[in-house]
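S.K.: Dropping a structure here in structure tokens format, bear with me for questions.
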Amino acid sequence: DLQNHRYIGAEALIRWNHPKKGVLYPGAFIDIAEQSGMINALGTWVLENACKQLNLWQHKNVDITMHVNVAARQFFSGDLFEQVWDLLNRYRIKPKSLILEITETELMGDIRYATNLCQELADLGVGIAIDDFGTGYSSMKYLKQFPITKLKIDRSFIMDISSSKQSREIVSAIIAMAKALSISITAEGVETKEQEEFLEKMACEHAQGFL
């Protein structure tokens, strides 16, 4: 949190401990998982383990949110609502502490279905974050009708805000738009003090990254 400088959340990120190649990042295997149809099983496993960890933190009174990425195929599978409902009850997750992230382009795959599912999840007390905002295709008309908890500014804009006036303007515009729509805003990929200070000056609420 850039206002009071305390940790408010974590994001579950998957890694594959490959027997020969060592630790592999998602870029090395997520596309294969999607093409082979394994992405749903992978997403289910990640979501369950994230909820299990969140439950452990909440038992120790660690008050942070857990963000979990949801792939388009998983989001539109028809099973996500029941799966989330089951996990919330099984692990007794506090309302608004679980946030599901989906990219703006994926969300546009089926507007009516996505709107209904987002609303149903919001009614369960689950937050919805638009991941990598600014890099995909979205319509402002649809943005206002989704019950969105958070916009996450893509790291590609944050990476060069110290050297690119255009990136600074885009970041400022996204922050202003989110505030106008009363949507929480997080900047991704914050790695330097200079980036943090710029975002704080622009009244960005949250920063995420290696810093």
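S.K.: Would you tell me the accessible area of LEU24, worked out with a 1.4 angstrom probe on the heavy atoms of the protein chains, in Å² to the nearest 10?
M.R.: The accessible area comes out at roughly 30 Å².
S.K.: So which aspartates and glutamates pass the test for LYS193, namely a Cα distance under 17 Å, with those fewer than 8 places away in the same chain ruled out?
M.R.: ASP1, ASP160, GLU205
S.K.: Continuing with the same structure: In the full protein assembly as shown, how much of GLU82 is accessible to a 1.4 Å probe, in Å² to the nearest 10?
M.R.: 110
S.K.: Further question on the same structure: Distance between the C-alpha centers of segment 33-68 and segment 155-204? Whole Å please.
M.R.: About 27 Å separates the Cα centre of segment 33-68 from the one of segment 155-204.
S.K.: For MET108 and LYS201 in one chain, what is 0.36 nm times their gap in residues minus the Cα-Cα distance, to one decimal in nm?
M.R.: 30.3 nm
S.K.: What residues from segment 5-48 fall in the zone where the backbone N is under 18 Å from a label point 7 Å along the Cα-to-C-beta line of LEU56?
M.R.: Inside the label zone: 9-17, 45-48.
S.K.: In the chain, what percentage of the DSSP-assigned beta bridges are antiparallel, given to the nearest 5?
M.R.: Antiparallel bridges make up about 10 percent of those DSSP assigns within the chain.
S.K.: Suppose R0 equals 22 Å. What FRET efficiency, 1/(1 + (r/R0)^6) with r the Cβ-Cβ distance, do THR44 and ALA122 give to the nearest 0.05?
M.R.: After rounding, the FRET efficiency stands at 0.55.
S.K.: GLU120 accessible area, nearest 10 Å², 1.4 Å probe?
M.R.: Estimated to the nearest 10 Å², GLU120 gives 90 Å².
S.K.: Please list, or write none, the lysines whose alpha carbon is within less than 23 Å of the alpha carbon of LYS60, excluding same-chain residues fewer than 8 places away.
M.R.: LYS52, LYS94, LYS96
S.K.: I would also like to ask the following. Roughly how tilted is helix 111-123, in degrees to the nearest 10 and between 0 and 90, from the longest Cα axis of the chain?
M.R.: So the inclination is approximately 80 degrees.
The values are calculated or read from the model by the stated rules, or taken from the named source; none is laboratory data. These numbers were taken from a predicted model, which means no experiment stands behind them. For neighbour counting, all protein chains shown are included, and Cβ atoms are generated from backbone atoms with ideal geometry for every residue, glycine included. Surface accessibility is based on the protein's heavy atoms, side chains included, excluding ligands, DNA and RNA. Shrake-Rupley method; radii C 1.70, N 1.55, O 1.52, S 1.80 Å.
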